[in-house]
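Here the structure is laid out as structure tokens; the discussion comes afterwards.
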Amino acid sequence: MRFTLVCLVVSALGCGDDGVDQPPPREVMLEAVVGADGLSADVPFEIPEGTRSVTIVVEGAKDSLYALGAFAMGDGAELVNLPAGAPGPAMQATYEQEQIGQLAGDLYQSIRLGTFTHVYPYRPGQIVVEGNAYLRVASNRPGPVKIRILMPEDDGANALPLNIYIVSDTLADPDTPAFRSEVTRLLAQANVNVTFNLVERIPGTALERITDFSEPQEAPTSMSAMLPGLVADRMTTGLDIFFVEALPSGVGGLALGTPGPPIRGTYYFGVVVRGGLPAVELARITAHEAGHFLGLQHVQNRGISGRIYPDPLDDTTPGVDNLMEGGSLLTPHQAFALSRSALLEVRP
Ligand SMILES: [Zn+2]
């Protein structure tokens, strides 16, 4: 792993031609430092041929906001185009005051505390261009960050295994045939083939009743973000669903990322669902939160100022039955966005 990373960095600098025609790795780990101007230097990496999507995960300090300050693929076209000046104050304003967390510029990205995730493409028409790419990290605080980039093969993967964890001594097992068939049906609309890896009860924790909830997204120090730590050592693929006894009033579920980092072991890996509801409602919430984690936004969000922030898709309409509102349908563009997730697997 370390060897291939060194190769990648060297070849990205244009001095690594050793005559061996190795394809670039599909997963890389890099480091960068955000400077006093709120931006890192260019971080080069290489996108292999036939790539499904580029998922960029930036991990830094838990009290700092992160996003991409620049991002270009093999054609060199810069996709973010931030307004001039340090990005930090605007990041803080949209995240803390407006409680939306959408970074200005041309790329639709969700600013995040501690660990940021971006999946590209997130809408039809966006093309992954192989070759020498680069990114810059934006933050409201200077300091070092780790960057993980996943570039899975565009292999038609469409299976989404789910791992069900019941974080309670007493909660009724949500894993019923009615639940399974409804989750499967909802996501099959988008050609996502749900499978069930495992169901495990985790008793005796202090996380059975989640009492905090934050807008626009959970913080690293939230109770919800401690749930993934309960199962960080499990050797399984797929997405983790945590059923708990209670969430704050009015909250049926939450995703630990929109999109979330598709990396087991990070504190944002998974979604949380309030148990004890009828199977069809549990299934709808599970599919909605899984949709968030794989990259779907609400059809629209309303900021504290009253401003409306639509999703980046062209075929979703507010008020029309949709899983990413209170309904259950998914559009072709939502299906496309889901199909790019690095969590999807090829199943025989
Ligand atoms: Zn939602």
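The values are calculated or read from the model by the stated rules, or taken from the named source; none is laboratory data. Model, not experiment: these values are computed from the prediction. Glycine gets a Cβ as well: all are built from the backbone with ideal geometry, and neighbour counts include every protein chain shown. The accessibility values were calculated without ligands, DNA or RNA, using every heavy atom of the protein model including side chains. Shrake-Rupley method; radii C 1.70, N 1.55, O 1.52, S 1.80 Å.
Applied to segment 54-60, the Karplus parametrisation 6.51 cos²θ - 1.76 cosθ + 1.60 on θ = phi - 60° returns per-residue 3J(HN,Hα) values of 10, 9, 10, 10, 10, 10, x Hz, with x for Gly and Pro.
Give the relative contact order (percent, whole number) for segment 159-339; include only Cα pairs under 8 Å separated by 6+ residues.
Numbers: 363 pairs, mean separation 42.0, N = 181.
After rounding, I find 23 percent.
Using a probe radius of 1.4 Å on heavy atoms only, what accessible surface per residue do you get for segment 159-339? Whole Å² is fine.
For segment 159-339, the solvent-accessible area averages 38 Å² per residue.
Among DSSP beta bridges whose residues both lie in the chain, state the antiparallel percentage, nearest 5. Each step should come with its number before you reach the end.
Numbers: 43 of 61 bridges.
Just about 70 percent of them are antiparallel.
Karplus-based coupling profile of segment 31-40, in residue order and whole Hz: 10, 8, 10, 7, x, 5, 7, x, 9, 8, with θ = phi - 60° in 6.51 cos²θ - 1.76 cosθ + 1.60 and x standing for Gly or Pro. In terms of its alpha-carbon gyration tensor, the chain comes out prolate; a/c meets the 1.5 threshold, and the first ratio a/b outweighs b/c. Of the beta bridges in segment 159-339, as assigned by DSSP with both residues counted there, near 25 percent are antiparallel.
Report the net charge of residues surrounding MET73, where surrounding means a beta-carbon distance below 11 angstrom and charges are Lys +1, Arg +1, Asp -1, Glu -1. Walk me through the numbers before you get to the answer.
On the way: positive: none; negative: GLU46, ASP75, GLU78, GLU130.
In short, -4.
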